[in-house]
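K.L.:
A single structure is presented below for examination.
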């Protein structure tokens, strides 16, 4: 869901891509993104493509042909970054875990120490499973091994702390929709000084031109050397979305997402739905309750859409038919939405023959009441 | 300049990137783009990036490592496509011409026959010079040699006939701004059945994932297999811009661009400004009068912006200081704008010490009067 003010910003007249006003907008985007990313990285900008363009920019610029690229693989987007690593000639090694589980600090560190890669890739917020992957131990082990770390923050940025600097993440990318609540179309990206230094010193040929971060650095910084025509309206929208986040206060926003996530989980659990992901490593933005025994998830989801105008996604790959994927982010993450969603879920589950042992709404309300004391 | 209705369309609520409504919008975009491209190509779509992403998609998908890539080079964007060709491992060969000149049919055909490349690249509408490059002889010679042809139509699409099918162009890309008058953010692209067949049969590894046209084909066509999250709002905008073009009638639109371009040229010439580009190979969307002897083009352009709110670009590279680059496209291509522009130009030239021998406005008005008889 996109706030009206973001659409209004996108309707402002476009200026040229070398206009001083555009670079002022880009500067605002840089400063505001630094706050949500939790970083002081000077190279913090938005790529002119959607989230997967951010992923490809990270891989294309930092995984050189022949470089060992170690991926922690526990979901769909881990597979996508692996695929890109292969395409760019990386020597791919993977540590695999079942979808829905996070890597322990020890597992991640042991893998990286054993492999001694040049680049480590992981997904901090895995949209296919709802798993949040802790970053610090990965980054520490990678840095010990002299590796750069790429983190996918597509489903965490703006909805929960990604803490680039505190974790030591070198390269992170995200999307403009989801936690930032702007329409899709841009991919925020940030590079640590270490990553930027590495990039500037890279001597092997760079394949991609459109996503060449060295050229983008020269476009957005200092000389403003013409590279491509940026999608001006999307920058207007992203800036406005980030201003709205700054007004709410990014920490308040995270707290809101956390609170509503916990209330929703309390509701699901009261209705007898078990969460796929263990407590402590759940995303606040995307919830994955398991589909109860004997229930057809597609029928429930179709009913939710038809009768309640609520779109809930299903699992796919190894989780097909096994989980619901319930987004709760941006303006949608509110107490009203949580209780409305739980009521609708209960009605649809009942209609499909499942009898919840207790009311989800009441459990959520009890959670909110306890919180406000 | 973007019509208000396009901004209004971009403000409509976003839907999911796998929503049936989105694919309906994409279908409309396909059908409407076919008309402006002048093609029946089934693969006609918009890439989720700006014009240069379209260029990179064309090169990355069709220039295989080691393939001979013949570029007709007479401007800045010819150099860009050459650079991309090298990055993707193409064996680059170039036929060069001074900026501002077009290739004759004979020159182009001789070059292609001699080189026998796998892929030919050329820029139909060169933004850096104002040259329109005829396409038919290039495509005929390329097809004789068994080569595919890539055409850059960034500054022609929507403003003048690009005639993909009639010319035999295999791969063409453009941008959503300029002749289509939507904000920047998408790159229309079209592939001939021959190009599509070649793409599907390609066995060498494809580097780019985000711009992989085989994957995009599966996303937009038939199975709608998830690839990336498309910039939904930009698709709304592009569809509306194309609907506006359809309402005007694409041939009427071309005629309007042609008429106003000719009037503007008549005005410039009356003021004693010689055109860089020879008659017959001039773009209707971008005009390049030479800077008169003794005049500082930057001073004139700064004055135009400060006193008349008109942004005119300068030449660059070998044309720095030598030409003005005057865009006249979309809603801006109108009789009122032409006369207003000529008046402003005259005032600024006079202020910088140049005395036009005759009135540009009067020459333009005489042209319009002769046209309407």
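The values are calculated or read from the model by the stated rules, or taken from the named source; none is laboratory data. Please read all numbers here as calculations on a predicted model, not as lab measurements. Here the Cβ positions follow ideal geometry from the backbone for every residue, glycine too, while neighbour counts run over all protein chains shown.
K.L.:
Return the only residue of A:369, A:358 being without any contact (Cβ under 8 Å) to a residue 24 or more places away in the chain and more than 24 Å from residue A:1 (Cβ to Cβ).
P.N.:
That would be A:369, the only listed residue that is without any contact (Cβ under 8 Å) to a residue 24 or more places away in the chain and more than 24 Å from residue A:1 (Cβ to Cβ).
K.L.:
Which one of the conditions (1) within 11 Å of another protein chain (Cβ to nearest Cβ); (2) more than 30 Å from residue B:205 (Cα to Cα) does residue A:106 fail to meet, given that it meets all the rest?
P.N.:
(1)
K.L.:
Sticking with this structure for a sec: Would it be correct to say that residue B:7 is more than 28 Å from residue B:207 (Cα to Cα) and either surrounded by fewer than 18 Cβ atoms within 10 Å (Cβ to Cβ) or within 21 Å of the chain's Cα centre (by Cα) (or both)?
P.N.:
no
K.L.:
Are any residues in the range B:297-318 touching a helix residue (DSSP H, G or I) at 6+ places or on another chain (Cβ under 6 Å) and surrounded by 14 or more Cβ atoms within 10 Å (Cβ to Cβ), and if so, which ones?
P.N.:
B:300, B:303, B:304, B:308, B:310, B:312, B:314 - these are the residues of the range B:297-318 that are touching a helix residue (DSSP H, G or I) at 6+ places or on another chain (Cβ under 6 Å) and surrounded by 14 or more Cβ atoms within 10 Å (Cβ to Cβ).
K.L.:
Just for the range B:27-56: of the residues that are part of a helix (DSSP H, G or I) and within 14 Å of another protein chain (Cβ to nearest Cβ), which one is farthest from residue B:250 (Cα to Cα)?
P.N.:
Only one residue fits best here, namely B:56.
K.L.:
Any idea which of A:186, A:211 is more than 23 Å from residue A:243 (Cα to Cα), buried (at least 24 other Cβ atoms within 10 Å of the Cβ), within 14 Å of another protein chain (Cβ to nearest Cβ) and touching a strand residue (DSSP E or B) at 6+ places or on another chain (Cβ under 7 Å)?
P.N.:
Criteria check complete, one pass: A:211.
K.L.:
Pick from the range B:1-26 the residues that are part of a helix (DSSP H, G or I) and without any contact (Cβ under 8 Å) to a residue 60 or more places away in the chain: which of them is nearest to the other protein chains (Cβ to nearest Cβ)?
P.N.:
Of everything passing the filter in the range B:1-26, B:4 is nearest to the other protein chains (Cβ to nearest Cβ).
K.L.:
Residues that are modelled with pLDDT of 95 or more and more than 26 Å from residue B:46 (Cα to Cα): list the strands (runs of 3 or more DSSP E) wholly contained in the range B:72-182 that include at least 1 such residues.
P.N.:
Numbers: elements: B:91-96, B:119-123, B:148-152, B:171-173.
Per the criteria, B:91-96.
K.L.:
Now a separate question. Considering only the range A:79-92, state which residues are away from chain B (no Cβ under 14 Å) and crowded, with 24+ Cβ neighbours inside 10 Å. Even if it seems obvious, please write down each step before you answer.
P.N.:
Step one: filter the range A:79-92 for residues away from chain B (no Cβ under 14 Å), giving A:91.
Hits for the range A:79-92: nothing passes.
Matching residues to (1) within 14 Å of chain A (Cβ to nearest Cβ); (2) in contact with a strand residue (DSSP E or B) (Cβ under 8 Å, 6 or more places away or on another chain); (3) buried (at least 16 other Cβ atoms within 10 Å of the Cβ):
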site	(1), (2), (3)
B:205	yes, no, no
B:227	yes, no, yes
B:232	yes, no, yes
B:271	no, no, yes
B:277	no, yes, yes
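K.L.:
Could you check residue B:246 against (1) crowded, with 20+ Cβ neighbours inside 10 Å; (2) touching a residue at least 60 places away in the same chain (Cβ under 8 Å); (3) closer than 22 Å to residue B:162 by Cβ and say which number it fails?
P.N.:
(1)
K.L.:
OK, next. If a residue has to be in a helix (DSSP H, G or I) and in contact (Cβ under 8 Å) with a residue 12 or more places away in the chain to count, how many in the range B:318-339 make the cut?
P.N.:
The qualifying residues number 9.
K.L.:
To continue, here is another question. For residue B:293, state whether it is closer than 30 Å to residue A:53 by Cβ and modelled with pLDDT under 95.
P.N.:
no
K.L.:
Ok, one more. Of (1) within 18 Å of the chain's Cα centre (by Cα); (2) surrounded by fewer than 17 Cβ atoms within 10 Å (Cβ to Cβ); (3) farther than 21 Å from residue A:183 by Cβ, residue A:321 satisfies all except one. Which?
P.N.:
The number of the failed condition is (1).
K.L.:
Quick check on my filter: what residues within the range B:61-71 are surrounded by fewer than 24 Cβ atoms within 10 Å (Cβ to Cβ) and not in a loop (DSSP other than H, G, I, E, B)?
P.N.:
Listed by number, the list holds a single entry, B:68.
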